[in-house]
Each structure stands twice: as structure tokens, then as C-alpha cells.
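Accompanying notes for the structure given below.
The values are calculated or read from the model by the stated rules, or taken from the named source; none is laboratory data. The shown structure was predicted, so the numbers you read here are calculated from the model rather than taken from an experiment. Using ideal geometry, Cβ is built from the backbone for each residue, glycine included, and neighbour counts are taken over all protein chains shown.
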Amino acid sequence: MTDHYDVLEIRAPSAREADLFSRLPEILRKAIEAPGYAERLRGIDPAQITSRTALAGLPVLRKSDLPALHKAALPFGGFVGKPSGAFARLYTSPGPIFEAEGAQADPWRGARALHAAGLRPGDVVLNTFSYHLTPGGFIFDTAARALGCAVIPAGPGNTEAQLELIEAYHPVGYCGTPDFLKILIDAATAGDRDISSIKRAIVSGAAFPPSLQKEIKSHGIEAYQAFGTADLGLIAYETTARDGMVVNEDIIFEIVRPGTGDPVAAGDVGEIVVTTLDGDHPWIRLAIGDLTAALPGQSPCGRSNLRIKGWMGRADQTTKVKGMFVRPEQIAEIGKRHSELGRLRLVVTRDNEQDAMTLRCECASPAETLREAVASTLRAVTKLGGSVELVSPASLPNDGKVIADERGPT
């Protein structure tokens, strides 16, 4: 198979779903061998978690909580049952959050993304992601080597040395941020250096606007975006279809309403939650704080997994109103107390030089008694007063925002 990494990418979605959820109970059993998960999943029978509905009943683990959890129980917050020496490499990311790399081939599941971008065994890849303490460089290094490519472990910076390496080794592929690829292109143009061997690129870690995409393509480089985290590895990747990003294999991917663990309706923007099927270091419903939305249908490239729009902002919309923090979880609690409501959006503004809140609620049957009840709940939950507007269903923007701070710069 030349177009796809393996048959898993083109199997029937029902077959993929059955495979993932047949494997999940064993992963849960291994997870609860670690004290952190044993406490978090207390009373859960792994054998019963065999569907998305059952999985949605488990608590989410928020990435934003990991620094405090890790600090309280070094190094992994009690969520890893194996000793540190059982892993291949050990890292730290800002927070600090501590990450461990498995000893298996392609531990971050990145080879598929490189293959989708057109890299093949025998190609040389220039990897400019950092190799220092964080796993970024090794995520793509191990992926390229699993694919059968030779890797130039360049890391970021030192542009002149990078140009020399390119002219010496003639890499076909580039891995790194789109910004640094532009720096290399500009430096090569200014210095009359030859980097024309680079034909394909995997970019991540920074915005890749259409203007930059067009400029890089004008230099004969086809660049594809990859989306991942230091904890989970590669989550989704762009393909030659250029139509959204395809979710990676061997993970269970959910999109939930920010501040909750509740799956959103099809097509709605929500927070990404990922469960991995790695028994050595499982992640069970890790909410990473990034927003996306699912795309309908199958990718024209033939890959049958879920497609997403890519990164659409941050889910953590916590803001401070009148000196008190208001969180998405609180807005979700208001929705739970009033089942008549659909989407909710708290709009924070300034009125007469004071903070003001307006909770806009989609509602099919508005009534003054309901509006008053919701206003009472808003005060009870947030400890702050605010107005309530009941608006028609589907009238609020589908952008994943639960709290919209419209006060502007101060």
C-alpha cells in the first residue's frame, strides 16, 4: 500500500470502534494499578466500559491540573504504575509537567503523519524541533525512524549550520515550526544557498495561516500540519486531501462541552478529550484545553477515521469579574440545573465603569419565570449578579465559547 500507512487507516469505522472499545477495559485495568487512577476511577468496573456512552461517564482529567498533581506525587502524579526506569526517555514541559517515552517503536504514534505527508523509507528528514528536555524533537525523530527515514537531529536555531547540513545531506523532508521553515527559506534566498532538496514538510507548534502556506508552497515545498501534545503525541494530521485533519489510530477521541465531560452534538465546537490505549502510560479522558469540531463524512484521501477542523482556540476561558474568577465549569453547572436550556454563553462587558455579566441562553420556550430562575442560579453558582437573556435555539455562535470577555484592553 503506497497511499496509506496500513489497512487500519481505511477500515470500516464500525470495525475501528469495535477494536478500540474491546481493548479499553484492559487498559483501564492497567490504569487503576496506579494510585492516581485507582482513586479517580474508584468504583468503576473496567469490564463495563465498552462504549462511548460508558466512557463519557468517567471523569475527565484536565491537563491544566497536571502541574499541581505531579508536584504532589512526583514525577507523574500517581498516574503511572511503572517505575521511571522502565521508560526510554524522561522529559519535562513547562508547568512543570513530567512526560515519559515508551520503549516501543514510534511511541508517540507519529509515523502515520509523516507517511501521509509523502515521506517514505530511505528519505532524509531535517528535524528542527527541540531535543532539549521536552519531547517535541523525539516525537518526530522516533516517527521518522519508525518509517525508515534517516534523521538529521538539528533542533531549532543556528541557521547557518542548518543550511550547511541541507546542502550536505539533501533532506527531502522537514519537521519543525512553520516559522523556522520560513527563516530557512529566507536565509537561503539571501545567501544564495541551495535548499531545493526539501520537498515535503510536517509543521506544528505555531499558527500556519494561508499567506504563509502560499509562500512556502511557492518554494516547491508541500507542507502539512500535524496536531499533538507532549503528553499524548500525535493526535491528528493533515493529508493530501487538504480537507481537515484525520484523527490518529489507537486513540479514542472525544469532543466535549468546555467545563464538562459531556460530548457535544455532531459538528459543535468543543474541548478535545483523548484516551490512549498504551498500557505502560495510559491517559484516561485527558482534556487538553484545545477546541475543535468534527467534520462530516470521510476524507477524500480514503482514510476513514474522524476528521476535525484542527485547532480552534482554547477551552479554558476562565475570566475574572469584579475580582472573582468565573469558570466554564460554573456555566455548565447552570445548564445542568435547567434542562430547558440549550447552549449558554456568558458575556462579560463594562457598564458605567463596572464589570457586567449577561448570560445568554438558547431556549425553545422562553418564559419570565424561567429567566428569573436562571438569574437566581447564576448568582448562586458564581456568587455574582448578572442579567439573563433567553434567545432562540441555534442563535448563539458555534465557536466553543462558553465565556466571552468583551471588555477589551484596559
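Looking at the structure I just gave you, is R337 assigned by TED's automatic domain parsing to the domain that holds I255 and in contact with a helix residue (DSSP H, G or I) (Cβ under 6 Å, 6 or more places away or on another chain)? Let's see the steps before the verdict.
Working: assigned by TED's automatic domain parsing to the domain that holds I255: no; in contact with a helix residue (DSSP H, G or I) (Cβ under 6 Å, 6 or more places away or on another chain): yes.
Answer is no for this residue.
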In region 239-267, residue surrounded by the most Cβ atoms within 10 Å (Cβ to Cβ) [restricted to those that are farther than 14 Å from L306 by Cβ and charged (D, E, K, R)]: R257
Neighbours by Cβ (under 6 Å, 6+ apart or cross-chain): first from region 350-377, within 26 Å of K322 (Cα to Cα); second part of a helix (DSSP H, G or I) and not aromatic (F, W, Y): L359/L378; T377/I334; T377/R337
Out of R16, R42, R52, sole residue that is among the basic types (K, R), surrounded by 15 or more Cβ atoms within 10 Å (Cβ to Cβ) and closer than 24 Å to P263 by Cα: R16
Test: residue in region 158-180 that is surrounded by fewer than 19 Cβ atoms within 10 Å (Cβ to Cβ), modelled with pLDDT under 95 and of a type in the set (D, E, K, R): yes
Cβ-Cβ under 8 Å pairs, at least 6 apart or on other chains, region 85-102 side more than 19 Å from L61 (Cα to Cα), far side of a type in the set (S, T, N, Q): L90/S84; Y91/T134; E101/T142
Filter result (surrounded by fewer than 15 Cβ atoms within 10 Å (Cβ to Cβ) and hydrophobic (A, V, I, L, M, F, W, C)) within region 55-69: A68
Sole exception among (1) of a type in the set (G, A, S); (2) touching a strand residue (DSSP E or B) at 6+ places or on another chain (Cβ under 6 Å); (3) closer than 30 Å to P300 by Cβ for A88, by number: (3)
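Does L286 meet the test of being crowded, with 19+ Cβ neighbours inside 10 Å, touching a Phe, Trp or Tyr at 6+ places or on another chain (Cβ under 7 Å) and under 19 Å from D65 (Cβ atoms)? Walk me through it before giving the result.
Details: crowded, with 19+ Cβ neighbours inside 10 Å: yes; touching a Phe, Trp or Tyr at 6+ places or on another chain (Cβ under 7 Å): no; under 19 Å from D65 (Cβ atoms): yes.
Here the answer is no, as L286 does not meet what is asked.
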Count of residues meeting criterion [over 25 Å from the mean Cα position of the chain (by Cα), crowded, with 20+ Cβ neighbours inside 10 Å and either among the polar types (S, T, N, Q) or more than 30 Å from D290 (Cβ to Cβ) (or both)] in region 181-223: 2
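If I filter region 350-360 down to residues being farther than 14 Å from G385 by Cβ and assigned to a strand (DSSP E or B), which single residue comes out as nearest to the chain's Cα centre (by Cα)? Break it down into steps so the answer makes sense when it comes.
Step one: list which residues in region 350-360 are farther than 14 Å from G385 by Cβ, which gives 350, 352-353, 360.
After this cut, where a residue has to be assigned to a strand (DSSP E or B) as well, the list is 350, 360.
Details: R350: 33, R360: 28 Å.
Per the criteria, the residue is R360.
I'd like the residue in region 70-100 that is buried (at least 17 other Cβ atoms within 10 Å of the Cβ) and of a type in the set (A, V, I, L, M) and, out of all such residues, is nearest to the chain's Cα centre (by Cα). Even if it seems obvious, please write down each step before you answer.
Taking region 70-100 first, the residues buried (at least 17 other Cβ atoms within 10 Å of the Cβ) are 70, 76-81, 87, 91, 93, 97-100.
Those still in the list that are of a type in the set (A, V, I, L, M) too: 80, 97, 100.
Working: V80: 21, I97: 16, A100: 18 Å.
The selected residue is I97.
Look at region 290-339 and say how many of its residues are in a strand (DSSP E or B) and touching a residue at least 12 places away in the same chain (Cβ under 8 Å).
Step one: list which residues in region 290-339 are in a strand (DSSP E or B), which gives 290-292, 294-295, 307-308, 314, 319-321, 324-326.
Adding the requirement that they be touching a residue at least 12 places away in the same chain (Cβ under 8 Å) leaves 290-292, 294-295, 307-308, 314, 319, 321, 324, 326.
So the answer is 12.
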Scope region 249-289; condition on the phi < 0 side of the Ramachandran plot, of a type in the set (D, E, K, R) and in a loop (DSSP other than H, G, I, E, B); matching residues: E249, R257, D262, D268, D278, D280
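Going residue by residue through region 358-379, is there one that turns out to be modelled with pLDDT of 90 or more, among the polar types (S, T, N, Q) and in contact with a Lys or Arg (Cβ under 7 Å, 6 or more places away or on another chain)?
Kept after step one, since they are modelled with pLDDT of 90 or more, are these residues of region 358-379: 358-379.
Narrowing further to those that are among the polar types (S, T, N, Q): 358, 365, 369, 376-377.
Among the residues that remain, those that are also in contact with a Lys or Arg (Cβ under 7 Å, 6 or more places away or on another chain) are: 377.
The answer is yes, given that some residue of region 358-379 is modelled with pLDDT of 90 or more, among the polar types (S, T, N, Q) and in contact with a Lys or Arg (Cβ under 7 Å, 6 or more places away or on another chain).
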Filter result for A223 (part of a strand (DSSP E or B) and in contact (Cβ under 8 Å) with a residue 12 or more places away in the chain): yes
Conditions (1) crowded, with 16+ Cβ neighbours inside 10 Å; (2) modelled with pLDDT of 95 or more; (3) touching a Ser or Thr at 6+ places or on another chain (Cβ under 8 Å): number failed by V274: (3)
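Which one of S197, S218 is closer than 30 Å to E9 by Cβ, in the same structural domain as T92 (by TED's automatic domain parsing) and at pLDDT 95 or above?
Numbers: S218 fails: closer than 30 Å to E9 by Cβ.
From the options S197, S218, the qualifying one is S197.
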